[in-house]
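Novice: I am attaching a structure below and will ask some questions about it afterwards.
The values are calculated or read from the model by the stated rules, or taken from the named source; none is laboratory data. Everything numeric here is computed off the predicted structure, so don't read it as measured data. Neighbour counts run over all protein chains shown; Cβ positions are idealised from the backbone, glycine included.
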Amino acid sequence: MTSPSQPIIELRDVNKWFGAFHVLKDVTLEVAKGERVVVCGPSGSGKSTMIRCINRLEEHQGGRIVVDGVELADDVKAIEAVRRRVGMVFQSFNLFPHLTVLENLTLAPVRVAGVAPKDAEATAMALLERVRIPEQAGKFPGQLSGGQQQRVAIARALCLKPAVMLFDEPTSALDPEMVGEVLDVMSGLAAEGMTMICVTHEMGFARAVADTMVFMDEGRIVEVAPPAQFFDHPANERTKRFLGKIIGH
Amino acid sequence: MNPSSWIKANLFNSPVNSLLTVLALALLGQVVPPLVDWAVVRASWGPGDPETCRRAGGACWTLLTEKHRLMLFGVYPYDQHWRPLLAMALFVALLAVSANRRFWRPWLGGAWLLTVVVIGILMWGGVLGLVPVETSQWGGLPLTLVIAVLAIAMAFPFSILLALGRRSELPAIKALSVGYIELVRGVPLVSVLFMASVMFPLFLPEGITIDKVLRALVGMTLFTAAYLAEAVRGGLQAIPKGQFEAADALGLSYWQGMRLIVLPQALRLVIPPIVNQFITCFKDTSLVTIVGLYDLLAATKAALNDPGWRPFFVEGYLAAAAVYFCFCFFMSRYSQWLERELAKGTR
């Protein structure tokens, strides 16, 4: 465990290449416990890759990443330990289609954390209440709407009681009318003090929820600022241009 | 819908279809009556000898009455036939239990092991007062079942390891799997069986022999596994990357992710080619005759060696074909049912 003064996530001079393509360039970022970070930037700027490095879905090639006091290296056990402490929500939900909603939620607690099935089910039902779809527990993911699936995915990520939640464009694959229900759940989590890093283009959500805005472009972190300053007085030209485009003055 | 309108809608709904219907009926009229005449009306039933059949002039089902024990059990000692019969019944019971999804529990593996041991004791004997019977005397349907069922049961898990190995990021494991699959797929089954049965013993030290049935069984297993592995790999490739990532992100280990997330989905997708391979394996057991084993087909052939019965080979082969068909048809229907069963609720 980390002491309160230490960051729960620390990226220092992280570099990564996909073949010859330099996707992350000297990325340095600290996230404190309870901090809510929203990452934005044009597509291909390395936002998703950065947060996928935090739970080692992608391997970084230079620099250091320390999560909750564990440095990510080749040690498989350490990686699995970090993944248990870090929940992740994907753009395309990635629920397990052959398992029911409830089974999706209890799988990791029972198999990974060794929780008794009864307790895991109780936790899962409580989380389904929280994302407001307890009545869907016995259904298969394919029978739910996109918004419902993403809420189940959030509940699944919460089942291991993670210290950090990563959101990788959680609303980008949703029909517009379903975006709200997912953002509501995320706002609720933020209000409870969950440490979270969200990659998203939902600027309204970002302004309301974020403690820190991070803008990335071409593999670099270009600007880090509190939302008020970020949206109203961006310091960097590229940030201004990007905000101009997506907010559409 | 009443019969006449059904006929109109399905058989005479266009000039071409009307013509095809008439032609088909004419063909059936040519074929069916002589067939019924041969197979039923003039057929010879019940006990008798070749002379009975010749006098009757039709199908000689008498052959089956007289020779079915030789066809079914080969040269297994006649007074001990109850043992392979019981072994077959155990096999069928085991398969029936395994086919039921409710019994897909860890104990099923133990049940398989136990049944195979019991079948082995029954067939070999030598303990519990059973007369010992050499494997060279095993034959007929029990031999076919022993080789087919055990080859499939062993090849299946092996093929999953091969398929996972072929997709592995570890170069040595990947190279081994690719090399194995390509090598085995590159040669005919007959040569694999020859290798297992003729060449392999040459490499063993003096005095050590491995049972002939076991060698054929290993040959069949290794061969079938290579083909099955490619079918399984097809399923693995159809699973979206997101499923692997979600399993990783939840902290599941590689084997947990494979066992709980990826394989259940991948195997369901490739039930048709997998069952295809099972059926092929079952029928290919008839090739073990080239290494001197008397499977169902070879035993049938042996029964027809009797000079008097030789003219009635058609009846003998028809009977053997019917047995093969029963097993293969069951596998085919079962796989269709299983596909529907596993698809329930999803999508």
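Novice: Can you name the residue in the range A:28-46 that is in contact with a helix residue (DSSP H, G or I) (Cβ under 6 Å, 6 or more places away or on another chain) and either among the hydrophobic types (A, V, I, L, M, F, W, C) or part of a strand (DSSP E or B) (or both) and, of all such residues, is surrounded by the fewest Cβ atoms within 10 Å (Cβ to Cβ)?
Specialist: Only one residue fits best here, namely A:Arg36.
Novice: May I pose another question? Go through the range B:110-131 and count every residue that is at pLDDT 90 or above and surrounded by fewer than 14 Cβ atoms within 10 Å (Cβ to Cβ).
Specialist: Total meeting the criteria: 4.
Novice: What residue, among those in the range A:50-88 that are under 30 Å from B:Leu269 (Cβ atoms) and more than 9 Å from every other protein chain (Cβ to nearest Cβ), is surrounded by the most Cβ atoms within 10 Å (Cβ to Cβ)?
Specialist: It comes out as A:Glu58.
Novice: Looking at (1) more than 14 Å from chain A (Cβ to nearest Cβ); (2) not in a loop (DSSP other than H, G, I, E, B), which one does B:Ile210 not meet, given that it meets all the others?
Specialist: (2)
Novice: Of the residues that sit in the range B:162-206 and are touching a residue at least 12 places away in the same chain (Cβ under 8 Å) and closer than 20 Å to B:Leu260 by Cα, which one is surrounded by the most Cβ atoms within 10 Å (Cβ to Cβ)?
Specialist: B:Ala163
Novice: Quick check on my filter: what residues within the range B:1-50 are touching a residue at least 60 places away in the same chain (Cβ under 8 Å) and part of a helix (DSSP H, G or I)?
Specialist: The answer is B:Pro50, and nothing else.
Novice: Quick one: in the range B:94-122, which of the residues that are free of Cβ contacts under 8 Å to residues at least 12 places away in the same chain and within 23 Å of B:Ala299 (Cβ to Cβ) is nearest to the chain's Cα centre (by Cα)?
Specialist: Selected residue: B:Gly120.
Novice: If you go through the range A:125-142, how many residues are within 13 Å of chain B (Cβ to nearest Cβ) and either part of a helix (DSSP H, G or I) or at pLDDT 95 or above (or both)?
Specialist: So the answer is 3.
Novice: Going through the range B:298-316 one residue at a time, which ones are closer than 25 Å to B:Gly219 by Cβ and free of Cβ contacts under 8 Å to residues at least 24 places away in the same chain?
Specialist: B:Lys301
Novice: Quick one: which residue in A:Val152, A:Val115 is in contact with a Pro (Cβ under 8 Å, 6 or more places away or on another chain), within 15 Å of B:Ala249 (Cβ to Cβ) and more than 9 Å from chain B (Cβ to nearest Cβ)?
Specialist: Residue meeting the stated conditions: A:Val152.
Novice: Sticking with this structure for a sec: Looking only at the range A:89-108, which residues are in a helix (DSSP H, G or I) and either crowded, with 23+ Cβ neighbours inside 10 Å or facing chain B (nearest Cβ under 8 Å) (or both)?
Specialist: Those that are in a helix (DSSP H, G or I) and either crowded, with 23+ Cβ neighbours inside 10 Å or facing chain B (nearest Cβ under 8 Å) (or both): A:Val101, A:Asn104, A:Leu105, A:Thr106, A:Leu107, A:Ala108.
Novice: A follow-up question, please. State the number of residues belonging to the range B:234-280 that are over 20 Å from A:Glu58 (Cα atoms), of a type in the set (S, T, N, Q) and at the interface with chain A (Cβ under 10 Å from one of its Cβ atoms).
Specialist: Residues meeting the conditions: 1.
Novice: If you don't mind, another one. Quick one: how many residues across the range B:69-84 are in a helix (DSSP H, G or I) and in contact (Cβ under 8 Å) with a residue 24 or more places away in the chain?
Specialist: Here the count works out to 7.
Novice: For the subset of the range A:166-210 comprising residues that are small (Gly, Ala, Ser) and part of a loop (DSSP other than H, G, I, E, B), which member is surrounded by the most Cβ atoms within 10 Å (Cβ to Cβ)?
Specialist: A:Ala210
Novice: I want to confirm something. Restricting to the range B:268-290 and keeping residues that are among the aliphatic types (A, V, I, L, M) and free of Cβ contacts under 8 Å to residues at least 40 places away in the same chain, which single residue is nearest to A:Pro97 (Cα to Cα)?
Specialist: Among them, the one singled out is B:Leu269.
Novice: Are any residues in the range B:237-253 assigned to a helix (DSSP H, G or I), crowded, with 23+ Cβ neighbours inside 10 Å and in contact with a Lys or Arg (Cβ under 7 Å, 6 or more places away or on another chain), and if so, which ones?
Specialist: The one that is assigned to a helix (DSSP H, G or I), crowded, with 23+ Cβ neighbours inside 10 Å and in contact with a Lys or Arg (Cβ under 7 Å, 6 or more places away or on another chain): B:Ala249.
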